[in-house]
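Q: Let me give you the structure first, and then I'll get to my questions.
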């Protein structure tokens with residue numbers, strides 16, 4: 001009945017059949033794509049979570065490190081900017097930063113030009129954790145896509161970006177989380 005041994009989740013085919021039984025207007029091709037993407041996303045998040053846990057950081061901490069790296073050199077942002085990029089409340093961001101400062105992953109300093117403003121920066125240890133996570137992720141991602149040719153990977157990437165753009169256009173406020181998942 002299930003995709004994986006020991007899983008209570010029905011196979012995609014079983015799920016689609018059940019949905020069609022209950023909702024006759026369902027397009028099975030659309031449901032297959034959307035359900036497969038959803039399951040892939042969940043399973044990839046679990047895999048990434050296991051990898052970051054091996055490194056002694058959480059997915060939540062990984063997201064902060066990633067946001068700082070994406071900001072570019074010198075890898076610093078204000079807590080409000082970080083909260084917006086991650087879809088968190090300021091209080092949740094403060095809590096996360098507190099933990100990460102205690103773990104030596106980030107620094108929190110007053111802005112030299114504006115003493116009221118706080119700047120969060122990545123530490124050398126935080127950057128090393130980010131690099132280690134990237135190494136693990138790249139191996140996992142290469143294995144994930146090993147059965148796809150270069151051409152297939154390119155096509156899949158283009159198709160997924162088209163879907164992403166459609167969602168971003170229809171739901172421009174859906175980039176972040178509605179609540180902190182820590």
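Q: Give all pairs with beta carbons closer than 9 Å in which a residue from the range 71-89 that is farther than 14 Å from residue 119 by Cα meets a residue that is part of a strand (DSSP E or B); count only pairs at least 6 apart in sequence or on separate chains.
A: 85/77
Q: With without any contact (Cβ under 8 Å) to a residue 60 or more places away in the chain, assigned to a loop (DSSP other than H, G, I, E, B) and out of contact with any strand residue (DSSP E or B) (no Cβ under 7 Å at 6 or more places or on another chain) as the only criterion, which of 24, 29 stands out?
A: 24
Q: For the condition in the same structural domain as residue 141 (by TED's automatic domain parsing) and in a loop (DSSP other than H, G, I, E, B), what is the one hit in 80, 126, 72?
A: Working: 80 fails: in a loop (DSSP other than H, G, I, E, B); 126 fails: in a loop (DSSP other than H, G, I, E, B).
Just one listed residue meets the conditions, 72.
Q: Tell me whether the range 136-147 contains one or more residues that are at pLDDT 95 or above, outside any helix (DSSP H, G or I), over 18 Å from the mean Cα position of the chain (by Cα) and loosely packed, with under 10 Cβ neighbours inside 10 Å.
A: yes
Q: On to the next question. Filter the range 24-37 down to residues that are exposed (fewer than 11 other Cβ atoms within 10 Å of the Cβ) and within 20 Å of the chain's Cα centre (by Cα), then give me how many there are.
A: 0
Q: Shifting gears a bit: Is it true that some residue in the range 100-113 is more than 24 Å from residue 48 (Cα to Cα) and surrounded by 15 or more Cβ atoms within 10 Å (Cβ to Cβ)?
A: Yes, there is a match, as at least one residue in the range 100-113 is more than 24 Å from residue 48 (Cα to Cα) and surrounded by 15 or more Cβ atoms within 10 Å (Cβ to Cβ).
The values are calculated or read from the model by the stated rules, or taken from the named source; none is laboratory data. Predicted model only: the values in this text are computed from it and were never measured. No Cβ is skipped: glycine too gets one built from the backbone with ideal geometry, and neighbour counts run over all protein chains shown.
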